[in-house]
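Structure, as structure tokens:
The values are calculated or read from the model by the stated rules, or taken from the named source; none is laboratory data. All figures in this text were calculated on a predicted structure; none of them were measured in a lab. Every residue, glycine as well, gets a Cβ built from its backbone with ideal geometry; the counts of neighbours run over all protein chains shown. All accessible areas refer to the heavy atoms of the entire protein, side chains included, with ligands and DNA or RNA removed. Shrake-Rupley method; radii C 1.70, N 1.55, O 1.52, S 1.80 Å.
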Amino acid sequence: MILFENKNIEFRQEYVPEIRKEVIAFANTDGGTVLVGVQKDGSVCGIDNPDEVMLQTANSLKDAIAPDIMPFVEIQAIQSEGKNIVEITVSTGTNRPYYIREKGLKPSGVYVRKGSSSQPMTDEGIREMIIQNTGRSFEACRSLKQDLTFRTLQEEMDRRNIEYGRAQMRTLRLTGEDGLYTNLALLLSDQCEFTTKVALFQGSDKAVFRDRQEFSGSILRQMEEVYRFIDMNNKTKAVFSGLDRTDIRDYPEEAVREAWLNCLTHRDYSFSGSTIINIYDDRMEFVSLGGLVSGLELNSIFLGVSQSRNPNLASVLYRMRLIESYGTGIGKIRRAYAGKKRQPEFETAKGVFRVTLPNDNEGKIAAKGMPDEEKRMILDYAAEKGSVTRKEVEELTQAGTTKAFRLLRELCMDGKLKTEGSGKLRRYVLS
């Protein structure tokens, strides 16, 4: 007799309903055996009624576990040290994840074997197991949440005069063949659990936060709200050539739009983390989870090759006229920067894809002689008032945040100003 529990062995002194958790854990992992009639220290205590225990066990497993686990379970009575015990042998199932029916596909209902114990599986682990064992993409798998509402989706469909109802939900793959909501429905629902985090930094590193927000809800809602936030921080700068004035935004609007849509459309939603957008004085970064689709390289993307990770989501966005066609996003971003000194960067690493857009106005001179004039205005104001803030510089020079920070930084580097305080309390005084 084995004298200790391990990854594949579990002891139970008597039959208890919790045995089903051990059976689920073995079926979801590498298989194993539950021995009823053996104490935790490995000593055999035996059971008086093995036939009754076998019947109880079989009925419990058949009624309480989904999908049907019985083809992978063998229950028999054996003897050890002259005493009766029940041996429940479990093989790795082919329809994983198995779960307690009344709990559903949630951590409280799905278990895996770790060491000598059975532990709840995380939501992310459950999703990954579903994908691995069905061979389907995340968006096509059944959603773990079924109590979904679609107020935002309905509003967007109505605004675009697109017919939307039960039949269309099936056509768009929001429901599967079983009539249940898919993960695509979860993404478009008001209960979408994936978020986008946008951070606004002072300068070109993460030392000082100016603002940060997290956007939630349907990805259609996030799409609008995040773009609006970015657009508010995409400043316009006037460039003069003689008497002619040209207004140039920090970032080409089309490049921002395409980078943001690519983030939402092509990220891997089997990762539970947030989509990240970082805005610095000199650049804007879009960080999407999942990296490139398996089999593709970065050079393939530049050649116009496209393989959508979420084709059903892309199809919905195409029908809503939010995207034009597959594989055009990066091309549009590069064309938006055609002829410019600084170009966008595209980087990929394991599980991550990042697009960096350079600030088109960073370092530009608005008009001949203007920087010195503006700096004199700032110094005069600081001398009169005792100090000056970034917001006051914006009002003085009629400039955006990026330019105001640049002027103050240059004055500090020239030794004309120095900083006092930090964050929102930061002020600039004469050196």
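Relative contact order of the chain: 10 percent, from C-alpha pairs under 8 Å at least 6 residues apart in sequence.
Comparing Leu184, Leu289, Leu153 in a Gaussian network model of the chain where C-alpha atoms under 10 Å apart are linked, the largest mean-square fluctuation is found at Leu153.
Approximating the spin labels as points 7 Å out from Cα along Cα→Cβ, the Glu225-to-Glu18 distance works out to 4.2 nm. Considering only Asn361, Asn28, Asn59, the mean-square fluctuation computed in a Gaussian network model of the chain, springs between alpha carbons under 10 angstrom, is largest for Asn59. Could you tell me which residue out of Leu61, Tyr227, Cys45 lies farthest along the dipole of the chain toward its positive end? Charges go on the beta carbon: Lys and Arg +1, Asp and Glu -1, centred on the Cα centre. Checking the options against the dipole of the chain, the answer is Tyr227.
Once a ≥ b ≥ c are taken as the square roots of the eigenvalues of the Cα gyration tensor of the range 98-147, is the result rounded (a/c under 1.5), prolate (a/b larger than b/c) or oblate (a/b not larger than b/c)?
On the way: a/c = 2.51, a/b = 1.42, b/c = 1.77.
Here the range 98-147 falls in the oblate category.
Of Ala383, Ala58, Ala140, which is the most mobile in a GNM of the chain whose springs link Cα atoms less than 10 angstrom apart? Ranking Ala383, Ala58, Ala140 by mean-square fluctuation puts Ala383 first.
Starting from the Cα of Lys350, draw a straight line to each of the lysines and keep only those under 21 Å, dropping any in the same chain fewer than 8 residues away. Within reach: Lys197.
Give me the dipole magnitude in Debye, nearest 20, for the chain about the Cα centre, with unit charges on the beta carbon: positive for Lys and Arg, negative for Asp and Glu.
1620
When the surface is traced with a 1.4 Å probe over the full set of protein chains, Arg334 keeps roughly 110 Å² accessible. Inter-label distance, Glu52 to Arg245: 9.4 nm, where each label sits 7 Å from its Cα along the C-beta direction.
For the range 1-48, the alpha-carbon coordinates run over 29, 22, 12 Å along the three principal axes, in decreasing order. With all protein chains kept in place, the per residue accessible area of the chain amounts to 50 square angstrom at a probe of 1.4 angstrom.
Here the accessible area is traced with a 1.4 Å probe on the protein chains. For the chain, carbon and sulfur cover 47 percent of it.
A helix-only calculation puts the chain at -10000 deg cm²/dmol for mean residue ellipticity at 222 nm, using -39500 (n - 2.57) for each DSSP H run of at least four residues, averaged over all residues. Listed values (1) 33, 30, 21; (2) 60, 27, 17; (3) 43, 27, 18 include one computed from this model; for semi-axes √(5λ) of the Cα gyration tensor in Å that value carries the label (2).
All other residues whose Cβ lies under 12 angstrom from that of Leu379 are scored, Lys and Arg at +1 and Asp and Glu at -1, for a net of -3.
Looking at Phe72, Pro97, Ser118, which one has the Cα that reaches farthest to the positive end of the dipole of the range 1-125 (charges on Cβ: Lys, Arg +1; Asp, Glu -1)? Checking the options against the dipole of the range 1-125, the answer is Pro97. Each other residue within a Cβ distance under 10 Å of Met157 adds +1 if Lys or Arg and -1 if Asp or Glu, for a net charge of -1. Full extension of the segment from Gln39 to Glu384, taken as 0.36 nm per residue of separation minus the current Cα-Cα distance, would add 115.7 nm.
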